[in-house]
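Engineer: Got a structure for you, questions after.
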Amino acid sequence: MQKSKLWIGTSWKMNKTLAEAREYADTVAAAVEDDAGLTRSVEAFVIPSHTAIATVAERLGRWANTVGGFRVGAQNAHWQDSGAWTGEVSMPQIKDAGATMVEIGHSERRTHFHETVETTRFKVESALRHGLVPLLCIGEPAETRDRGHTCSYILAQARGALAGLQRQELAQVLIAYEPRWAIGALGRPARGEELAGPFAALRSEYGGVVAGLLYGGSVTLDNMPDLLALEDVDGLFVGRAAWHAEDFVELLRAGS
Ligand code: PEP
């Protein structure tokens with residue numbers, strides 16, 4: 001199905017040296033130079049480790065903030081602008097490095113770093129205050145799915161993180177539904193029938209309100225057409241399958 005605006009992006013998680021980041025971004029930039037149609041109907045984004053944001057932004061940032069352009073993001077940032085938060089990086093700092101978006105509430109951050117609904121709300125507010133697009137990740141564990149509580153669980157995560165925002169602020173937000181059981185090497189992609197309910201719930205509350213509703217979790221070039229055929233899915237958030245630049249270019253091509 002042809003979507004009016006399709007988001008396709010990747011987070012590298014804790015991977016890639018600067019040299020690898022440079023090579024990746026140069027390869028993607030060359031592919032876009034070669035074929036301007038590559039991102040004509042795709043809003044593409046790359047979310048490297050903090051250390052590589054500036055490097056990637058230098059190479060892909062020239063297409064930033066254009067329709068069908070590239071955004072570069074950060075995988076996390078603190079909600080305070082500065083201060084005694086050793087080891088943390090702030091929204092102004094990631095923006096200074098070239099980020100225009102920021103991932104918030106990825107399940108690995110919730111699981112391993114005890115990120116809460118409250119801290120996701122602080123981070124969304126801070127991102128918006130600094131003109132960054134918050135990419136809010138939500139998703140339930142397998143036990144919650146098995147008990148049939150997926151929709152209430154993910155709506156509570158979204159409502160908590162987005163509480164109190166004005167309509168024009170919500171219009172900047174992207175929501176990525178990433179079931180925990182679908183992410184990473186131990187996960188499996190969600191099937192269409194498993195996504196229909198959660199996306200209908202998100203659509204009824206946030207459809208036409210946020211900038212887009214994305215799916216993430218074991219996306220590949222092979223399952224991409226079926227996922228994009230789902231009416232409520234505005235884009236895909238890809239991990240492993242986009243960690244080679246050539247594969248990311250293929251995903252963009254398939255989405256264009
Ligand atoms: C993720 O961790 O957010 C993700 C989508 O990873 P993968 O595509 O590798 O499952």
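Engineer: Which of the residues that make up segment 131-155 are surrounded by 15 or more Cβ atoms within 10 Å (Cβ to Cβ) and basic (Lys, Arg)?
Structural biologist: Result: ARG145, single match.
Engineer: Is there any pair with a first residue in segment 207-218 that is at positive phi and a second that is hydrophobic (A, V, I, L, M, F, W, C) and near the ligand (Cβ under 9 Å from one of its atoms) whose Cβ atoms are under 6 Å apart and which are 6 or more apart or on different chains, and what are they?
Structural biologist: GLY217/ALA182; GLY217/ILE183; SER218/ALA182
Engineer: Scan segment 194-205 and tell me whether some residue there is near the ligand (Cβ under 9 Å from one of its atoms), surrounded by fewer than 22 Cβ atoms within 10 Å (Cβ to Cβ) and without any contact (Cβ under 8 Å) to a residue 60 or more places away in the chain.
Structural biologist: Within segment 194-205, none of the residues are near the ligand (Cβ under 9 Å from one of its atoms), surrounded by fewer than 22 Cβ atoms within 10 Å (Cβ to Cβ) and without any contact (Cβ under 8 Å) to a residue 60 or more places away in the chain.
Engineer: Looking only at residues that are touching a Gly at 6+ places or on another chain (Cβ under 6 Å) and within 15 Å of the ligand (Cβ to nearest atom) in segment 228-243, which one is nearest to SER107 (Cα to Cα)?
Structural biologist: Per the criteria, the residue is PHE237.
Engineer: Which pairs have Cβ atoms under 8 Å, sit 6 or more apart or on different chains, and link a residue in segment 159-186 that is farther than 30 Å from ASP146 by Cβ and more than 16 Å from the ligand (Cβ to nearest atom) to one that is of a type in the set (Phe, Trp, Tyr) and at pLDDT 95 or above?
Structural biologist: LEU170/TYR206
Engineer: A further question on this structure: Looking at segment 92-123, which of the residues that are among the polar types (S, T, N, Q) and assigned to a helix (DSSP H, G or I) is surrounded by the fewest Cβ atoms within 10 Å (Cβ to Cβ)?
Structural biologist: Only one residue tops the list, namely THR111.
Engineer: Quick check on my filter: what residues within segment 96-110 are more than 14 Å from SER126 (Cβ to Cβ) and without any contact (Cβ under 8 Å) to a residue 60 or more places away in the chain?
Structural biologist: Correct list: ASP96, ALA97, GLY98, THR100, ARG109, ARG110.
Engineer: Within segment 235-255, is there a residue that is assigned to a loop (DSSP other than H, G, I, E, B), among the hydrophobic types (A, V, I, L, M, F, W, C) and on the phi < 0 side of the Ramachandran plot? Break it down into steps so the answer makes sense when it comes.
Structural biologist: Pass one, segment 235-255, residues assigned to a loop (DSSP other than H, G, I, E, B): 239, 243-244.
From the residues that got through so far, the ones that are among the hydrophobic types (A, V, I, L, M, F, W, C) too are 243.
So of that shortlist, the ones also on the phi < 0 side of the Ramachandran plot come out as 243.
Yes, because at least one residue in segment 235-255 is assigned to a loop (DSSP other than H, G, I, E, B), among the hydrophobic types (A, V, I, L, M, F, W, C) and on the phi < 0 side of the Ramachandran plot.
Engineer: Which residue pairs have Cβ atoms under 6 Å apart, sit 6 or more places apart or on different chains, and have a first residue in segment 124-146 that is in a helix (DSSP H, G or I) and a second that is among the acidic types (Asp, Glu)?
Structural biologist: What qualifies is LEU128/GLU169.
The values are calculated or read from the model by the stated rules, or taken from the named source; none is laboratory data. This is a predicted model, so every value here is computed, not measured. With ideal geometry, Cβ positions are generated from the backbone for all residues, glycine too; neighbour counts draw on all protein chains shown.
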